[in-house]
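**Student:** Let me give you the structure first, and then I'll get to my questions.
The values are calculated or read from the model by the stated rules, or taken from the named source; none is laboratory data. Bear in mind that the values here come from a model prediction, so they are computed numbers and not experimental data. Heads up, the Cβs are rebuilt from the backbone with ideal geometry, glycines too, and the neighbour counts pull from every protein chain shown. Heads up: the accessible areas ignore ligands, DNA and RNA and are worked out on the full protein's heavy atoms, side chains in. Shrake-Rupley method; radii C 1.70, N 1.55, O 1.52, S 1.80 Å.
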Amino acid sequence: MEQPNQSYINSLSGGDDAFKQKLIDIIKKEYPEEKQVYFDNFKANNFKLAADNVHKLKHKISILGLEKGYEVAVAYENNLLNGTTDLKDQFETILKNITDYLEDI
């Protein structure tokens, strides 16, 4: 199970603890709402809007240094735009991992 990469977050913030905390705070604030809107749009079979939500979540995944998760999100966004749901389970497993991680910090 891929975990957020702390060394990547550190390098992204230039080792600045205050900036690192700002990045995490942004993710903690925006992530749950974006995730829920994704679920709502997917359940409504609105794959175009779900793809938009995946696009936003993809950036949070990138900031957390989840390389495999980012690759899955990119491919899944493209699949949704093409009307297919391949990678849904993988993507939602990544979302669950991030939720667990955010609850722990």
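**Student:** What number comes out for accessible area per residue over the chain if the probe is 1.4 Å? Units Å², please.
**Tutor:** Spelled out: the 1.4 Å probe surface of the chain, per residue, equals 58 Å².
**Student:** Among (1) 2, 13, 25, 28, 22, 8, 1, 0; (2) 2, 13, 24, 24, 17, 10, 5, 2, 0; (3) 2, 11, 20, 21, 17, 12, 10, 5, 1, which is the computed P(r) over Cα pairs in 5 Å bins from 0, in percent?
**Tutor:** (2)
**Student:** Still on this structure, I have one more. Quick check on packing: order 92-102, 10-20 by the mean number of other C-beta atoms within 10 Å, highest mean leading.
**Tutor:** 92-102, 10-20
**Student:** Just going by the charge dipole of segment 9-66, with Lys and Arg at +1 and Asp and Glu at -1 on Cβ, which of Y38, G65, G15 is farthest out on the positive end?
**Tutor:** Working it through, the farthest residue towards the positive pole turns out to be Y38.
**Student:** Counting only other residues whose beta carbon sits under 14 Å from that of N97, what net charge do I get with K and R as +1, D and E as -1?
**Tutor:** -3
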